[in-house]
Amino acid sequence: MYFCSENRKYRETVFKKKIKKNWIVPEGVKPTELDLRVLALQEEGYLVPTKKLIKTPEQIEGIRQSGIINTGVLDLIAKEIHEGMTTGEIDRLVYDYTTEHGATPATLNYEGFPKSVCTSINEVVCHGIPNDEESLICGDIINVDVSTIYKGYFSDASRMFVIGKTTQAKQRLVDVTLECLELGAQAAKPFGLLGDVASVITHHAHQNGFTVVRELCGHGVGLEFHEEPDVDHYGRRGSGMVMVPGMVFTIEPMINMGKRDVFIDAEDDWTVVTEDELPSAQWEHTFVMTDHGLEVLTA
Ligand code: MF3
Ligand code: CO
């Protein structure tokens, strides 16, 4: 077959997938070595970031300082979390530590989110809202997702905590999800593609009989809470945006024991829950891409 006549004249414009030319060097400006390398990839048809996603060394230092406070919060929670504690108590610990260190919890009043941290227990995937009624019981697995603004710089990380001893299946979900984050981060190479990260995460989850949530993703972070690009945790190798040194973003896989489908609780419009109500786990770090690979800013 051949193009129908109407489409022949459009074959250049209509059928060719258009990639946004994000990387711009103004006329008359001498391109740097980085410019030349990124422009070459762009000409080959790869999606590259806009220049504003490349952080300066000063900005990276600011995000690092924010990340140190964020890690301090998570270390405090690791020390204090226990059976019988309410998620409201976790919220107060986060608020107090963060503000005592001259910082602000990024979730507080973010798009109407009412608390300083997200606490997501068992079948809650993410965005669980802390409260004074819900207390932790032995066998629970809980994600505590902390994000901090310090001197205008944002950092974001989350960990899983196991209350007492849990079932072998839930423990394996927690462990495999951490491996997904670690393997995904190792797969990220300078000038590599975000799809390489996603495909490693998906492969490892599926190999262990688990599924990957698609509706929520990681994200650029640093000067705002959520920046470009979306960092999907599912996808094909060789797809997605080029990771240019200086980009700062999170990787935060949400891995389900059962089906990948999720819904938002209509009661609060925030809490994301697995459709089959089987457990879900998540781990998250903020990373900066360097000339040698990812560096963690929240460890
Ligand atoms: N820390 C979460 C993230 O990874 C933020 C949740 S958005 C909120 O992006 F509104 F719930 F705070
Ligand atoms: Co995040």
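The values are calculated or read from the model by the stated rules, or taken from the named source; none is laboratory data. No experiment lies behind these values; they were computed from the predicted model shown. So basically every Cβ, Gly included, is an ideal-geometry build from the backbone, and we count neighbours across all protein chains shown. Heads up: the accessible areas ignore ligands, DNA and RNA and are worked out on the full protein's heavy atoms, side chains in. Shrake-Rupley method; radii C 1.70, N 1.55, O 1.52, S 1.80 Å.
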Protection proxy (average C-beta count within 10 Å per residue), highest first, orders 242-250, 79-87 as 242-250, 79-87
Nearest 10, in degrees from 0 to 90: the angle of helix 87-100 to the longest Cα principal axis of the chain is 70 degrees
From DSSP H assignment alone, runs of 4+ in the chain each adding -39500 (n - 2.57), the sum over residues rounded to the nearest 500 puts [θ] at 222 nm at -9500 deg cm²/dmol
Candidates GLU33, GLU228, GLU123; GNM for the chain (alpha-carbon contacts under 10 Å) flags as most fluctuating GLU33
On the formula 1/(1 + (r/R0)^6), with r taken between the Cβ atoms of THR290 and ARG8 and R0 of 45 Å, the FRET efficiency rounded to 0.05 is 0.40
For LYS21, counting only lysines whose alpha-carbon sits under 17 Å away and dropping same-chain residues fewer than eight positions off, the answer is LYS51, LYS52
Hydrodynamic radius by Kirkwood for region 177-299, inverse mean 1/r across distinct Cα pairs, in Å, is 14.6 Å
Which residues qualify? For VAL262, with a placed amide H closer than 5 Å and at least 5 residues away or on another chain, they are GLU275
Taking r as the C-beta separation of HIS203 and LYS259 and R0 as 22 Å, the FRET efficiency to the nearest 0.05 is 0.75
For the chain, the longest principal axis of the Cα atoms and the Cα long axis of helix 57-80 enclose an angle in degrees, to the nearest 10, of 30 degrees
On the accessible surface of the chain, probed at 1.4 Å with all protein chains in place, carbon and sulfur together account for a percent value of 52 percent
Inter-part gap, Cα centre of region 180-254 to Cα centre of region 41-60, in whole angstrom, is 16 Å
Loop-resident trypsin sites (Lys or Arg not before Pro) in region 80-169 with no more than 15 other Cβ atoms inside 10 Å, DSSP not H/G/I/E/B, are LYS151, LYS165
Any aspartates and glutamates whose Cα falls less than 16 Å from that of LYS18, other than same-chain ones fewer than 8 residues away, would be GLU43, GLU44
The whole-number value in µm²/s of the Stokes-Einstein translational diffusion coefficient for the chain, with Rh from the Kirkwood sum over alpha carbon pairs at 4 °C and 1.567 mPa s, is 64 µm²/s
In degrees, nearest 10, the alpha-carbon axis of helix 194-207 is tilted away from the dominant principal axis of the alpha carbons of the chain by 50 degrees
In nm, the gap between the two label points placed 7 Å beyond Cα toward Cβ at GLU43 and ASN109 is 5.0 nm
Here region 250-265 yields Karplus 3J(HN,Hα) values (6.51, -1.76, 1.60; θ = phi - 60°; whole Hz; Gly and Pro given as x) of 9, 10, 8, x, 10, 10, 9, 6, x, 6, 7, 5, 9, 9, 9, 4
With x for Gly and Pro, the residue-by-residue ³J(HN,Hα) of region 269-286, computed from phi through the Karplus equation 6.51 cos²θ - 1.76 cosθ + 1.60 at θ = phi - 60° and given in whole Hz, is 6, 10, 4, 9, 10, 5, 4, 8, 6, 8, x, 9, 10, 8, 10, 9, 9, 9
For region 24-36, in residue order, the Karplus 3J(HN,Hα) values (coefficients 6.51, -1.76, 1.60; θ = phi - 60°; whole Hz; Gly and Pro = x) are 10, 10, x, 4, x, 8, 6, x, 6, 4, 5, 3, 4
